[in-house]
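All remarks here apply to the structure that follows.
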Amino acid sequence: MTTLDPVSVVADAAQSRPAPGPVRAPTETDLSLLLDVGSAWTKAALVGRAGGRWRIVSGTAQPTSWGESALVDDLVGRLSPHADARLSRRLALLVRDAPRITSRSARRPGRLVILADTQAGLDAATRLSQRHGWIVAAAVTSDDRRPEPERFEALRTAEPDAWLAVPGSEADPAARPMWGILAAARRTAGAPVLVVGPETVREPFASLFGMTTRWVGPALDGTVGDALLAILADVNGVPEVRLLAQVAFGRSMTALSRGIGLQILGVDLGATWLAWAPGGDPAHNALLAPGQDRALPDGSRTATEVLPADVDEFAMTDAMANLAANPTAIPSSPAELAIAHAMGIDRLAAARQAMGGVSSVDVVVGGGRLLAAAPHPADAALVLLDGLRPPGVTQLALDPWGICGPLGTLPGDEVDEGMETLRDDLLSPLGTAVVARGGRPGQLAFRARLHRTGWPESPRVDVRSGSVVVIPLERGGAGELEIELERGVQVGEPHKARRLRVNVTGGAVGVILDARDDPIQLPTRPGDARTVIQSWRDALRREGRQVSG
Amino acid sequence: MPATDPYRHQVPLPALAEPAVAVGSEVQPGDELARTVRPTAALSLPMTRPLRRKSAEVTAILTVSPGTRVRANQRLARAGDREVRAPSEALFLAYEPGSGSARLLPLESADALRSDVRGIVMEVTDRTITVAVPAVVLSGIGGTGPSVSGPLSILVDDPEAPLDPTLIDADLGGRIIVAGSWASAEAITRARAVGVAGIVVGSLHARDLADFAGLQHRRSLLGTAAPPFAVLALDGFGRAGMDPARFAWLQANAGQQATILGDRRRLLVYDASPAPVRAPRPSVGDRLVIVAGPGRGQAGLLAEVSVQAMAVGSGISTLCGMVRLDSGRTVSVALANVEASLPTG
């Protein structure tokens, strides 16, 4: 039976290396292959049963363009040195023929044209569609004050995958010129028309637009979102919505939240798509398409302003453009890596703004190659912290093998079963983050002391505003953190108490005490900003502490 | 030498466009593919009085439905021997009972949709016209501008040589000029000014490309008449050289007619020899080109592939390969950052 040291698996997962021995190959050959086929990278995890338990025995990630054969060869190559000699000749065949659970990223977003009676209707429809993997190619409202020729021109060259009609009233569409414009622009046998409005408009719209018209419901809600996802899957050749990687990721977060009884926010930061999945609130899952301009939170610095390296503007925009144009490319220098991470922080911050902020949750789970392949787990932690600024006390973890997506494709209750089955290997804990807001730069923000049963008393740690400090706490470790807040400083929801005691768990980084406020305040001079940013990186990478005098 | 499989160039047709070609038609750049119309100011056509009907009764006697394109004098409604007809070619948008009028969008002839390419029409639908183009296609990574055509002129001898502005003069008007590594904003501006049709280089600064695209857009909004001009970067952003295999192929096809589809980031070279092909995941012994990271644009031979993942300069662990560059150096490169460069398709 295959045996693996679980701590080694987790510690190496972030480095995308296979687990070391000691390993004995299974004499039984129960294997499954979990595949997350992304737009740029495919992540594969080989799962084997040992001693009645399923564990990850090998994993890899490769550019999707390399194809399946190269992926299987790589898996076999990683497994071979540890495999029982009796299986070595059959190993390639076993891996190739292993049952597969596959999630697949959409190749492209859906293109939508929206016609709404009011600007408010259009805004709501736009937000809803953008959260379900669509881009709005064109839009018209009856109160946009544009003349009809202009409205028609806006629509006639659109080649949408669907039209979304949001009539605000029960008036017969045949009596409203705007819907005549839609009929003319759409032509016969065009893309489906989704109608959201009073049920009384159902028949008239069907009469006007024919068989491909579908009345979805009276309101712009989850029903419309489901309809959009179904069309998106169809456009991308994915047979079922749950097989879309980003939808599957959301399902797995919901299952995980149920399974461990904690509030979770999952973010899958892919090369092109970004999946947003508050596991405790699946109605607010989102699938954010690439290439959309999204606002950053007020006061945020853009990626170009938060680089630790001294990179000139041309080199920076070139590097960003190259990374965007070639998403399989691996950053090959510290500067390129810093740029890639800064872009990731930007994307998370913009998504956070678009989704109305990050509520206080128990766990943040980060997925996607940018995080999983980070050279140091502290780098991944910093991307999550800087992009999301999760308020209060939050455990941070990664999906290092990329298996949350494939597991999320399982039908019905099997998702819960799958997540539970691989619970030990599912996530790579980074530790616990305490994010404080308020305080004056350079002044003491709070003091903290970690209490661990059976351990000597640990020294108190002073955390100054604008700084980040790490208290070492290994994976599997747990303790109680005593926090003493200074005036004007809050951790989580505002409350009167100045002393808190919170439970914390350890991980690859430890307990991260973050007093950098939200939005993060940086010195105005670029050189000073770079120095400060580098100091944060060093603090997270180094298990250090500040001790009160 | 003739191209291999023809390139299928698909032209989307806007609503109301009418194809002016049929399957089998030969087209040249500038030939009419479709007739188009544009809507003019909408008008309201009274219906109740001519028909002698109450407003609510007119809906039932309409003979056209909303969204229909009607011809001049086409009947819109009929009540016994009374009719209402369209005053001109138009889109029938709706009958508005509140006003007792039909809302029409009159149409007038607009500029024809013209071909960007030379070839033979192979498919005509109400939404697209597809042209089989006897050309080899190179896909780029960045570009801007409409379609432009002209003979290829190679201005440098080295795939790593930039486009020198002093080499650009009026003799190059109407041509597509090719350089190795990159083109400065000055070179782009000068080329446009002397009437060059377009520029093809290995790389461009992303900032320069964005600035130029913005300038083109502003000029189009102002209606400033200017000859079309396009820019295409084949391999990346920055100042890296062009893939030597591609550069050699372009040199071999100097003088051939070509078309840049700037906004689609493509170069079509007519009647050209088959172009070198890129493929992911080279094998040991393959020629390759570095497509990302340090050394981008340089070519060489893949000598060895690591058995285990190795850390690259950023600290990320990944499969790497030892590449013997044409320059003589041997470097370690992430395999994800290289592509096989195969001689022909």
Number of positions in the range A:321-344 that are buried (at least 22 other Cβ atoms within 10 Å of the Cβ), in contact with a helix residue (DSSP H, G or I) (Cβ under 7 Å, 6 or more places away or on another chain) and assigned to a helix (DSSP H, G or I): 7
Within the range B:306-329, track down each residue that is in contact (Cβ under 8 Å) with a residue 12 or more places away in the chain and over 38 Å from the mean Cα position of the chain (by Cα). B:Ser306, B:Met310
Please count how many residues of the range B:109-123 are surrounded by fewer than 19 Cβ atoms within 10 Å (Cβ to Cβ) and either more than 11 Å from chain A (Cβ to nearest Cβ) or modelled with pLDDT of 95 or more (or both). 7
Could you grab the pairs with beta carbons closer than 6 Å, sequence gap of 6+ or different chains, first residue in the range B:29-54 and within 30 Å of A:Ala175 (Cβ to Cβ), second one part of a loop (DSSP other than H, G, I, E, B)? B:Thr36/B:Ala17; B:Thr36/B:Ala110; B:Val37/B:Leu16; B:Val37/B:Ala110; B:Arg38/B:Ala110; B:Met47/B:Gly100; B:Thr48/B:Gly100
Exactly one of A:Ala125, A:Ala184 is modelled with pLDDT under 95 and either in contact with a Lys or Arg (Cβ under 9 Å, 6 or more places away or on another chain) or more than 9 Å from chain B (Cβ to nearest Cβ) (or both), and that residue is A:Ala184
Taking A:Ala184 as the residue in question, decide whether it is in a strand (DSSP E or B) and of a type outside the set (Val, Ile, Thr). no
Taking the range B:144-184 and keeping only residues that are of a type in the set (Gly, Ala, Ser), within 30 Å of B:Asp326 (Cα to Cα) and surrounded by fewer than 22 Cβ atoms within 10 Å (Cβ to Cβ), one is left with B:Ser153, B:Ala161, B:Ser184
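So that you can scan it fast, the table gives a plain yes or no per residue for (1) within 13 Å of chain A (Cβ to nearest Cβ); (2) farther than 22 Å from B:Gly202 by Cβ; (3) part of a strand (DSSP E or B); (4) aromatic (Phe, Trp, Tyr):
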| residue | (1), (2), (3), (4) |
| --- | --- |
| B:Gln251 | no, no, no, no |
| B:Ile260 | no, no, yes, no |
| B:Leu267 | no, no, yes, no |
| B:Arg278 | yes, no, yes, no |
| B:Pro282 | yes, no, no, no |
Output the residue which, of all residues in the range B:42-64 that are outside any strand (DSSP E or B) and under 27 Å from A:Arg145 (Cβ atoms), is nearest to the other protein chains (Cβ to nearest Cβ). B:Ala42
Inside the range A:474-529, counting only strands (runs of 3 or more DSSP E) that do not spill past its ends, which hold 2 or more residues that are surrounded by 14 or more Cβ atoms within 10 Å (Cβ to Cβ) and within 24 Å of the chain's Cα centre (by Cα)? A:499-505, A:510-514
I need the full set of residues from the range B:299-320 which are more than 7 Å from chain A (Cβ to nearest Cβ), of a type outside the set (A, V, I, L, M) and either in contact with a Lys or Arg (Cβ under 8 Å, 6 or more places away or on another chain) or surrounded by fewer than 23 Cβ atoms within 10 Å (Cβ to Cβ) (or both), in order please. B:Gly300, B:Glu304, B:Ser306, B:Gln308
If I ask for residues that are of a type in the set (Ser, Thr, Tyr) and within 17 Å of B:Arg114 (Cα to Cα), which ones from the range B:19-45 would you list? B:Ser25, B:Thr36
Do the conditions hold for B:Ala336, that is, is it surrounded by 18 or more Cβ atoms within 10 Å (Cβ to Cβ), at the interface with chain A (Cβ under 10 Å from one of its Cβ atoms) and over 27 Å from B:Asp157 (Cα atoms)? yes
Hits in the range B:238-249 - residues which are surrounded by 22 or more Cβ atoms within 10 Å (Cβ to Cβ) and within 14 Å of another protein chain (Cβ to nearest Cβ): B:Gly238, B:Ala240, B:Asp243
Quick one: which of B:Gly67, B:Gly98, B:Gly80 is more than 11 Å from chain A (Cβ to nearest Cβ) and modelled with pLDDT under 95? B:Gly80
Strands (runs of 3 or more DSSP E) wholly inside the range A:36-124 that include at least 2 residues being under 18 Å from A:Pro327 (Cβ atoms): A:41-50, A:53-63, A:100-104
Being more than 14 Å from chain B (Cβ to nearest Cβ) and among the small types (Gly, Ala, Ser): is that true of A:Ala175 here? no
Is there a residue being surrounded by fewer than 18 Cβ atoms within 10 Å (Cβ to Cβ), under 19 Å from A:Ile135 (Cα atoms), at pLDDT 90 or above and of a type outside the set (A, V, I, L, M, F, W, C) anywhere in the range A:237-248? yes
Any chance the range A:201-208 includes a residue that's hydroxyl-bearing (Ser, Thr, Tyr) and crowded, with 20+ Cβ neighbours inside 10 Å? no
Are any of the residues in the range B:228-237 within 20 Å of B:Pro343 (Cα to Cα) and either at pLDDT below 95 or surrounded by 15 or more Cβ atoms within 10 Å (Cβ to Cβ) (or both)? yes
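Quick check on A:Ile339: is it farther than 15 Å from B:Val291 by Cβ and at pLDDT 85 or above?
yes
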Could you tell me which residue of the range A:43-75 is surrounded by the fewest Cβ atoms within 10 Å (Cβ to Cβ), considering only residues that are more than 12 Å from chain B (Cβ to nearest Cβ) and closer than 23 Å to A:Arg108 by Cα? A:Ala44
Give just the number: which of (1) farther than 17 Å from A:Val224 by Cα; (2) within 14 Å of chain B (Cβ to nearest Cβ); (3) not aromatic (Phe, Trp, Tyr) does A:Pro167 not satisfy? (1)
Criterion violated by A:Val532 - all others in (1) under 22 Å from A:Glu457 (Cβ atoms); (2) at pLDDT below 95; (3) not charged (D, E, K, R) satisfied: (1)
State yes or no: is A:Val216 closer than 30 Å to A:Arg104 by Cα, of a type in the set (A, V, I, L, M, F, W, C) and either free of Cβ contacts under 8 Å to residues at least 12 places away in the same chain or within 14 Å of chain B (Cβ to nearest Cβ) (or both)? no
Looking at A:Leu229, A:Leu265, which is the one that is in contact with a strand residue (DSSP E or B) (Cβ under 6 Å, 6 or more places away or on another chain), in a helix (DSSP H, G or I), modelled with pLDDT of 95 or more and surrounded by 17 or more Cβ atoms within 10 Å (Cβ to Cβ)? A:Leu229
Taking only the range A:77-93 into account, find how many residues are surrounded by 18 or more Cβ atoms within 10 Å (Cβ to Cβ) and over 21 Å from A:Ala372 (Cβ atoms). 3
Somewhere in the range B:22-39, is a residue within 22 Å of the chain's Cα centre (by Cα), of a type in the set (Ser, Thr, Tyr) and surrounded by 12 or more Cβ atoms within 10 Å (Cβ to Cβ)? yes
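The values are calculated or read from the model by the stated rules, or taken from the named source; none is laboratory data. Please read all numbers here as calculations on a predicted model, not as lab measurements. Cβ coordinates were reconstructed from backbone atoms using ideal geometry, including for glycine residues, and neighbour counts include every protein chain displayed.
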